[in-house]
Amino acid sequence: MSDKKVKRIGILTSGGDAPGMNAAVRAVVRSAVGFGMECVGIRRGWNGLVFSDFFPMNTDTVSHILASGGTILYTARSQEFLTPEGREKALATCRMLGLDAVVAIGGDGTFRGALELSRMGVTVVGIPATIDNDVGCSNYTIGFDTACNTAVECIDKLRDTMQSHERCSVVEVMGRHAGYLALYVGLSVGATAVLIPERNTDFDTDVVERIRQSRLMGNTHFMIVVAEGAGSAVEIGKRIHDEIGLDPRVTVLGHIQRGGAPTARDREMAARMGYNAVKALAEGKGNSIVCTREGGIVVTPIEEAMKQSKHLQMERYEVLEAMHATKR
Ligand code: F6P
């Protein structure tokens, strides 16, 4: 807890963009103005501090961005900030700008950077935003709901044509090393099988047997959802062709999942997290991450937050299996 009054803050978005980042930037700026703080926008994540790329922000600079995807601050995965020299340059920019704190919006990589900067004496607050939902300290990350909805919309369309042609579809979704996106999407589209990195895949039981059961239920088309962290949809498609004799179509949804207008859930979460980040600074609770726990907001010290991990609730996988049971 620090007694120093926060008068000027820097705001940046870093790592892979996520729908709702703009809503979070807006919430931070508008809340900061309300708390009597000045705002400086830092462009391209940590690179903006390393290379002194910034601009003044106020309520006007965040008008009309609430509903747009992407990030008006641009984003990057800064290689320079990973080096001690790069971080020294970033520190110099913070001092030159007279920043009392930096609000960093992003995922785990962003927070590792924030932790480093906090150890150099700059107060930071993190806001979790990534479509992967893989930030250990927070139940939810901004962008996840929009990405799920985008993937579901695409797969619903795929299903129409798969059904007409009685085909098998293999769809790869993002998520990096986590299966949140794949499992939530798989459940939402009634997938025949979902392959996630949190669970070892046995091709015979998890794919061949699922397709067989689905056939027994009278289905003539099949939808296999693969998390990118669990393997390649192209490889899975090839095995389905070679080992089952089907002629699957493979779709890698890719970056389309990161775009689009944020859903109500992501906008609402961005507003609450943005406001709570600024409130934490006003109350001297810097060097923290604004996390969600059971629907509520918890401001967790960054050192502690970075040690926390979360696990995909495998109960969801059980639900998925139950949808395809042919007998008990
Ligand atoms: O972390 C977000 C994410 O979209 C991951 O799901 C994916 O693995 C990665 O970023 C892709 O990164 P890039 O935009 O650099 O291709």
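Bear in mind these aren't lab numbers, they're just calculated from the coordinates by the rules spelled out. All values derive from a computational prediction rather than experimental measurement. When we count neighbours, we look across all protein chains shown, and the Cβ atoms used for this are built from the backbone with ideal geometry, even at glycine.
For the residue pairs Lys5/Lys279; Lys5/Lys310; Lys4/Lys279; Lys5/Lys285; Lys7/Lys307, the alpha carbons lie more than 23 Å apart in Lys5/Lys310; Lys7/Lys307. Computed from backbone phi, the HN-Hα couplings of the range 12-27 come to 9, 10, 9, x, x, 5, 8, x, x, 4, 4, 4, 6, 4, 4, 5 Hz, rounded to whole numbers (Karplus: 6.51 cos²θ - 1.76 cosθ + 1.60, θ = phi - 60°; Gly and Pro given as x).
Estimated from the Cβ-Cβ distance and a Förster radius of 22 angstrom, the FRET efficiency linking His64 and Val33 is about 0.85. Take every Cα pair under 8 Å whose residues are at least 6 apart in sequence, average their separation, divide by the length of the chain, and the relative contact order is 23 percent.
Taking 7 Å steps out from each Cα toward its Cβ at Ala92 and Val152 produces label points 5.0 nm apart.
In the chain, the calculated helix contribution to ellipticity at 222 nm averages -11500 deg cm²/dmol per residue, counting -39,500 (n - 2.57) for every DSSP H run with n ≥ 4. Backbone phi angles across the range 199-209, fed through the Karplus curve with coefficients 6.51, -1.76 and 1.60 (θ = phi - 60°), yield HN-Hα couplings of 9, 4, 8, 10, 3, 5, 7, 8, 10, 4, 5 Hz in residue order; Gly and Pro are listed as x.
Where does the longest stretch of the chain lie that holds no GluC sites (Glu not before Pro) found in a DSSP loop with 14 or fewer other Cβ atoms within 10 Å? Before the final figure, lay out each step's value.
Values: sites that count: Glu166, Glu283, Glu294.
Value returned for the longest uninterrupted segment is 1-165.
Using the alpha carbon gyration tensor of the range 146-259, what are the three equivalent-ellipsoid semi-axes (square root of 5 times each eigenvalue), largest first, in whole Å?
Details: eigenvalues 82, 52, 29 Å².
Working from the Cα gyration tensor, I get semi-axes of 20, 16, 12 Å.
Close amide H pairs (under 5 Å, H built 1.01 Å from N) link Ile105 with Leu12, Thr13, Ser14, Ile127, residues at least 5 positions away or on another chain.
For Glu38, the residues whose amide H sits under 5 Å from its own are Arg8, Ile9, ignoring neighbours fewer than 5 places away on the same chain, with H placed 1.01 Å from N. For the residues Ala18, Ala129, Ala261, a GNM of the chain with alpha-carbon springs under 10 Å puts the largest fluctuation on Ala261. Distant-in-sequence amide contacts of Val171, defined by a placed amide H-H separation under 5 Å and a gap of 5 or more residues or a different chain, comprise Ile224, Val225, Val226, Thr251.
Under 1.5 on a/c is rounded, so check that first for the chain, then, if it is not, pick prolate when a/b is larger than b/c and oblate when it is not; a ≥ b ≥ c are the square roots of the alpha carbon gyration tensor eigenvalues. Each step should come with its number before you reach the end.
Values: a/c = 2.44, a/b = 2.40, b/c = 1.02.
In terms of gyration-tensor shape, prolate.
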